[in-house]
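Here the structure is laid out as C-alpha cells; the discussion comes afterwards.
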Amino acid sequence: MDVQYNRTIQTLERLRAESTAAGGPDKISRQHAQGKLTARERILLLLDKGSFEEFDVLKTGRGSALGDARTYLGDGVVTGHGNIDGREVFVFSQDFTVIGGSLGEAHSQKICKVMDMAVKVGAPIIGLNDSGGARIQEGVDSLAAYGEIFHRNVRASGVVPQISCIMGPCAGGAVYSPSITDFVFMVQDSSYMFVTGPNVVKTVTHQDITAEELGGAGMHAKKSGVAHFTAPNDILCLREIRRLISYLPSNNRQGAPILNLRDPADRIDPALDYLVPENTSQAYDMNVLIHSILDGAEFMEVHPQFARNIICGFGRMGGQTVGLVANQPAVLAGVLDTEASFKAGRFVRFCDAFNIPLIALVDVPGFMPGPDQEQGGIIRHGAKLLYAFTEATVPRISVIVRKAYGGAYLVMNSKHIHCDVNYAWPTAEIAVMGPKGAVELIHRKEIQTSADPETVLHDKMEQYRRTFANPFLAAQRGYIDDVIFPRDTRHRLIRTLQVLEGKKAARLDKKHGNIPL
Ligand code: HXC
C-alpha cells in the first residue's frame, strides 16, 4: 500500500517537474540571453509572493498532423490565478521555449478556461504573450483555437478588465487577441507585434525592414497607438501592470479600490492662480495642473507617447480612482486631431465601462484644420470622442482652464452633452471660435474697406475678446456651474465627486449603440 502510494506521488512529482522544465535548459538559456524571463519567472514577479495557483499543469496537445508526434506537458502556456495586492486576478503566460509559445488546441483550451473563470468570479485577466501565433503544425485546429479566445475576449470586454503584456515576438493571432483587450504593455527591445513578420514583408512587398521598425515597442507606442505602455525590461513591465491594477475595479459591478494617500482634500495650490500665461497664445504644461490636483501627485498616464496633444490617465482624488482627459497646450496647442480623438475616446469608454468617474481639463483651440486631417477622417474620428463622452453615464466633471472653442468645446465633456458639473477658471474663453478667425469672418467687409485695416482688425478683436473670451457669458446662461479660483480646483473636484457618488443614469433599451469606429 505504502509502496503504491509512494509511486503515485513520485509519478506526480516527475510529471510536474517535466511540465516545469518546459522546452529544456538550452531554450531557457536562449530566452535569458535575449533579456527575457521565462513564463513562470514572469508570473512569480507579477503576483503576490506565494499566491499563484496553477491549473492544467498536465494538459497536453494531440501532437502534430505533420508527423512530429512530440507533445509537451502544459502545452506551452502556464495558466492559473493569484493575487495582486491581495486582489484575485487570472493569468496566462505563454512559454516561448515550447514550440515558440505557438498556440494550438490544448494551449488555447487552457487560456479559455481561465478566461471563463475570470468572468464567472469577476476578476481581471492578464495575458503575458510571447508567441509565434497559430501553431502551424496543428493546421485549422489552431485557427479554431484562436477563434475561441477572440470570442471570449469580446464577451469579457466591459465585464472584467483585460490586460495584455507583449514580452516577445508576437505575430498573427498573438497580436489580434491583445488588440481586443483594454490595455497593451510592451517591453522595449525584446517584444514585437506584427500581423506578419519582416520575412513575409520582404517576400510580399520586397521591402527590407527590421522587426523594431515594423512592430517594436517604440513604433507601437508613438505611431500606431497599439501599445498603451512600454517598459525597459520584463521586471519593470510586470511592476507597471501591478500599478495599473491598483487603479481598476475587479469587474464592472464594483468600484475601484479606495487608497488613502493621506493628501488633504482641502489642500489648496496658490501657484495654480499663475499657471495660465497672460498672453493667451502662450503655451503652458497641463501636467502641472494634473499633478497638483491628484492625491500625492500620482498619475498613471495611458498612451504617454501617442497623440501627446491630449493627456489621458488614472489618478486618485480623495482616495477614489478618476480618469483624467486633458488637452495639452504645450503640444500642438492642445488641438483635437484624429489620433487624439481616438486615444481619448477609447479611454473614456474604458472608464465608463468600469465605473471610473471622468474629469476633463479643457484648453482646446478646436479641431485641427486642413486636408490631411479631413482626408484622415477627422469628422469620424472626432465623432468617436463626442460619442464616448456623450454616452458615458459615470460621474462626469469638467474644468475649462482656458480655450474652449467651437465643436471642440462641445466635445470636451461640455454641459450640452450632459456633463454633470462644469467649472471654469476665470481665464476661460468660451466661444464659437478664436478672436482672429471670428473677427475676420464677421467683419470682413468693414476691415477690407477700411483705410487702416490693421487697426480695425485689432479693435474688433479686442471687442470680441472682452465679450466672448471669458467664462462669464456661459456662467450667466448656467452652462458653467461656477467660475472657481484655480487654487481651489482640487478641493472643488473632490467635493463634486462626493456629491456625484450616488448618480444613477437611465438608459434606453437597446442592444448596443453604433459608435462611429
Ligand atoms: C509553430 C513556431 C511558430 C508557429 C515559431 N515556432 N512560431 N512553430 N507555429 N507559429 C517555432 C519555431 O519553429 C522554432 O522551433 C521555435 O518556435 C522558436 O522560433 P524561432 O523562429 O527560432 O524564434 P525567433 O528567431 O525568435 O523568431 C520568432 C518569430 C518567428 C518571429 C515569432 O518564429 C516567426 O516568424 N514565426 C511565425 C510567425 C507567424 O507568421 N505567425 C502567424 C501564424 S498565423 P524550434 O523547434 O526550431 O525551436 C496566425 C493566424 C491567427 O496566427 C488568426 C489571426 C486573425
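Among rounded, prolate and oblate, which fits the range 467-515 when a ≥ b ≥ c are the square roots of the eigenvalues of its C-alpha gyration tensor, a/c under 1.5 means rounded, and a/b larger than b/c means prolate?
It comes out oblate by the Cα gyration axes.
Of the accessible area of the chain, computed with a 1.4 Å probe over protein heavy atoms only, carbon and sulfur atoms account for 55 percent. Take the Cα pairs of the range 87-139, get the Kirkwood Rh, then feed it into Stokes-Einstein at 4 °C and 1.567 mPa s and tell me D in µm²/s. Answer from the Stokes-Einstein relation: 111 µm²/s.
Could you work out Rg/(2.2 N^0.38 Å) for the range 282-410, with Rg from alpha carbons only?
The value comes to 0.98.
As a test, work out the antiparallel percent of DSSP beta bridges whose residues both lie in the chain, rounded to the nearest 5. The antiparallel proportion sits near 40 percent.
With the convex hull of its Cα atoms as the shape, the chain has an orientation-averaged projected area of 30.7 nm².
Full extension of the chain between residue 60 and residue 199 yields a length gain of 47.0 nm, computed as 0.36 nm times the residue separation minus the alpha carbon distance. Evaluated at q = 0.10, 0.12, 0.16, 0.21 Å⁻¹, a Debye calculation over the C-alpha positions of the range 19-154 (equal weights, vacuum) places log10 I(q)/I(0) at -0.31, -0.44, -0.79, -1.28. Taking every Cα-Cα distance in the range 119-176 and sorting them into 5 Å bins starting at zero, the pair-distance distribution P(r) comes out as 4, 18, 24, 24, 17, 10, 3 percent.
By the equivalent-ellipsoid construction on the alpha carbon gyration tensor, the range 436-517 comes out with semi-axes of 42, 23, 10 Å, ordered largest to smallest. Taking Lys and Arg as +1 and Asp and Glu as -1, the other residues whose beta-carbon sits under 14 Å from that of residue 224 total +1. Note on the range 318-359: the alpha carbon radius of gyration divided by the globular reference 2.2 N^0.38 Å gives 1.29.
Expressed to the nearest 5 percent, the antiparallel share of DSSP beta bridges inside the range 313-425 is 25 percent. Global dimensions of the range 221-285 from alpha-carbon coordinates: Rg and Dmax equal 18.5, 47 Å. Full extension of the chain segment joining residue 507 with residue 458 gains 12.7 nm, where the gain is 0.36 nm per residue of separation less the Cα-Cα distance. Taking 0.36 nm per residue of separation and subtracting the current Cα-Cα distance, fully stretching the chain between residue 436 and residue 18 would add 143.1 nm. Counted over the range 227-351 with a bin width of 5 Å, the fraction of Cα pairs per bin, in whole percents, is 2, 10, 17, 19, 20, 17, 10, 4, 1, 0. The reciprocal of the average 1/r between distinct C-alpha atoms defines the Kirkwood hydrodynamic radius, which for the range 362-517 equals 17.7 Å. Compactness check for the range 129-251: Cα Rg over 2.2 N^0.38 Å is 1.10.
The values are calculated or read from the model by the stated rules, or taken from the named source; none is laboratory data. Since we're looking at a predicted model, the values are computed, not measured. Quick reminder, even Gly has a Cβ in these numbers, built from the backbone with ideal geometry, and neighbours come from all protein chains shown. Heads up: the accessible areas ignore ligands, DNA and RNA and are worked out on the full protein's heavy atoms, side chains in. Shrake-Rupley method; radii C 1.70, N 1.55, O 1.52, S 1.80 Å.
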